[in-house]
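This report concerns only the one structure given below.
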Amino acid sequence: MLLLATLACDPVEDSGDPMVYAFPEGFRWGAAGAAHQIEGGNTNNNWYQFETLPAFEGKTVEPSGEAVQGYDRYEEDADLVVDLGADVYRLSIEWSRVEPQRDVWNEAEWQHYRDVIEALRARGVEPMITLHHFTEPIWVQDLTDLACEAGPTDTNLCGWTHPEVPAEFAEFCAEAATRFGDVVDEWTTYNEPGGYLLSGYLGGAFPPGYTNLTVETLQANVIPVAAGMLDGHAAAYAAIHELDNTDADGDGTSARVGFTNSIQWIVPVDDQNADDVAAAKRIQALYGYIFPDAMVNGLLDTDLDGIPEEEHPEWANTVDLMGYQYYYRMYVKGVPGFPPIEAVPCDPNALAVLGVDPSVFGCPYPNEDDVTMMGYEHYSPGLGLLAPALAARYPGVPLRVTEAGIATETGRRRAESIVQQLAGLSEAIEDGAPVDGYIHWSLTDNFEWAYGFAPRFGLYTVDFDTYTRTANEGAEVFKTIIADNGIRQSVWDEYGLGEHLSPENE
Ligand code: BGC
């Protein structure tokens with residue numbers, strides 16, 4: 001009996017540092033990056049044009065330039081993933097590198113990505129590949145001729161509404177699956193297609209920089225882009241399954257194909273006010289549900305009333321794994337007549353696009369310590385709260401957190417954010433949410449799109465003079481959690497208890 005009792009004891013439990021938030025055995029831990037944000041030298045895509053063409057001056061604060069030299073430092077970065085103790089790294093293949101001109105493959109670039117993937121696998125890290133992380137080759141849509149006066153031609157297909165673009169995207173995905181099926185099992189077609197759609201075609205903060213702020217123009221100009229992307233996704237889903245027949249990691253599955261969805265914790269300003277409640281639902285439907293509703297259920301909300309009605313069986317059942325990516329809480333005020341969908345998003349960035357002062361609509365001001373370098377409100381419980389909401393809306397679809405993180409220069413804030421968000425996620429999983437992993441955004445600081453290099457998301461802080469990477473407090477706490485596969489009392493006591501995040505260092 002004594003022997004049995006001794007064997008049953010966890011030595012660390014005995015040391016007085018019990019596990020307070022555990023994760024299931026086999027839970028996947030990882031970090032992420034994306035080609036344009038880390039590599040440097042991506043001059044053949046829409047983002048480069050957006051950063052450099054005079055027509056878009058003021059849309060971005062600085063060009064991506066060398067980014068964080070990730071193209072050449074991939075071995076060093078693979079070592080950082082190992083240093084974390086993580087077993088998955090989420091990265092993207094830059095379409096404009098491997099297919100610089102329509103239907104022309106660049107063999108050296110394909111070899112480069114094979115080298116990157118093999119560097120990871122040689123270290124025991126599995127790649128999760130994103131095929132579209134906001135960027136497209138210039139030949140898909142050349143921003144120097146946005147009106148498409150000279151096109152469409154093979155050097156400018158004029159964007160997603162051209163009937164051949166979805167097939168072109170699927171061809172690129174098929175080529176990737178053919179070439180890398182032996183070393184990749186997890187594929188993501190699009191990163192945050194909802195964010196891409198609204199930023200690029202509703203608010204204009206991303207290329208191609210269009211604004212469509214009425215229901216009519218959204219229906220005419222934005223829904224067709226979504227439909228093109230959905231056609232591309234469905235074709236890519238079929239192609240990858242056909243072409244990737246090798247189980248690279250030996251888990252019995254050769255290809256899991258899905259996408260990653262941006263979804264925030266969106267709540268009414270006043271939960272007793274029917275207009276606010278309905279408006280919050282419409283915003284969530286537009287931002288967080290358009291793509292998953294279509295890819296899982298084959299439904300599209302073409303009139304933007306928040307209820308999908310158009311049936312597209314050809315898009316349905318094309319998500320083997322749904323990533324979800326969470327960053328902030330956003331309040332919504334229902335305001336009759338306010339374009340485009342009678343809902344004011346209390347997000348300073350969105351309101352700046354709309355030219356509206358948040359206080360006018362009674363938007364609550366978050367505690368200043370919870371406001372991140374991105375201007376929005378960090379809200380830890382959101383990550384865990386979204387898991388059951390997604391599981392209920394998409395029953396049977398496995399979930400993974402494919403991004404969560406915080407823009408801060410203060411490692412302690414990052415550490416608090418990680419610990420507090422993961423506590424909520426652990427509880428959601430305990431309650432049955434089917435989340436199989438957590439991938440932190442991001443491995444290193446990088447190019448934060450329109451905001452340039454100021455917002456720092458990295459577990460590893462980059463010195464932009466030398467490009468050296470240094471673990472910050474966020475990385476240190478993340479390592480401990482990964483090693484323990486959970487949060488122990490001491491970690492919770494140190495980082496979990498604050499009502500608000502610690503202030504940003506001066
Ligand atoms: C994107 C990343 C971005 C991150 C932080 C996500 O929307 O996928 O590319 O850097 O959020 O803003």
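The values are calculated or read from the model by the stated rules, or taken from the named source; none is laboratory data. Everything numeric here is computed off the predicted structure, so don't read it as measured data. Neighbour counts are summed over all protein chains in view; Cβ atoms, including those assigned to glycine, are modelled from backbone coordinates with ideal geometry. For accessibility, only protein heavy atoms count, side chains too; no ligands or nucleic acids. Shrake-Rupley method; radii C 1.70, N 1.55, O 1.52, S 1.80 Å.
Kindly indicate the residue of region 178-195 that is of a type outside the set (Asp, Glu) and out of contact with any helix residue (DSSP H, G or I) (no Cβ under 8 Å at 6 or more places or on another chain) and also nearest to Trp105 (Cα to Cα) among those meeting that condition.
The residue in question is Thr188.
What number of residues within region 104-118 are free of Cβ contacts under 8 Å to residues at least 60 places away in the same chain and either open to solvent by less than 10 Å² (accessible area, probe 1.4 Å) or more than 16 Å from Gly33 (Cβ to Cβ) (or both)?
Final tally of qualifying residues: 6.
Taking region 146-163, which residues are among the polar types (S, T, N, Q) and open to solvent by 30 Å² or more (accessible area, probe 1.4 Å)?
Of everything in region 146-163, those that are among the polar types (S, T, N, Q) and open to solvent by 30 Å² or more (accessible area, probe 1.4 Å) turn out to be Thr153, Thr155, Thr161.
Tell me, which residue of region 24-39 that is open to solvent by less than 10 Å² (accessible area, probe 1.4 Å) and assigned to a loop (DSSP other than H, G, I, E, B) is nearest to the ligand (Cβ to nearest atom)?
So the residue we want is Ala34.
Give just the number: which of (1) hydroxyl-bearing (Ser, Thr, Tyr); (2) open to solvent by 40 Å² or more (accessible area, probe 1.4 Å); (3) within 16 Å of the ligand (Cβ to nearest atom) does Thr480 not satisfy?
It is condition (3) that Thr480 fails.
Which one of the conditions (1) more than 16 Å from the ligand (Cβ to nearest atom); (2) touching a helix residue (DSSP H, G or I) at 6+ places or on another chain (Cβ under 9 Å); (3) open to solvent by 20 Å² or more (accessible area, probe 1.4 Å) does Leu143 fail to meet, given that it meets all the rest?
(3)
Please find, among Gly203, Gly258, the residue that is closer than 25 Å to His36 by Cβ, in contact with a Ser or Thr (Cβ under 8 Å, 6 or more places away or on another chain), within 16 Å of the ligand (Cβ to nearest atom) and at pLDDT below 95.
On inspection, the qualifying residue turns out to be Gly203.
Name the pairs: first residue in region 352-365 and open to solvent by less than 50 Å² (accessible area, probe 1.4 Å), second residue not in a loop (DSSP other than H, G, I, E, B), Cβ to Cβ under 6 Å, at least 6 apart or on different chains?
That search, which allows pairs on different chains as well, returns Pro358/Leu351; Phe361/Lys333; Phe361/Val344; Cys363/Tyr331.
Of the conditions (1) open to solvent by less than 10 Å² (accessible area, probe 1.4 Å); (2) over 22 Å from the mean Cα position of the chain (by Cα); (3) over 22 Å from Tyr48 (Cβ atoms); (4) among the β-branched types (Val, Ile, Thr), Thr217 fails just one. Which one is it?
Status for Thr217: all satisfied but (1).
Can you find even one residue in region 40-52 that is part of a helix (DSSP H, G or I) and under 13 Å from Arg469 (Cβ atoms)?
Within region 40-52, not a single residue is part of a helix (DSSP H, G or I) and under 13 Å from Arg469 (Cβ atoms).
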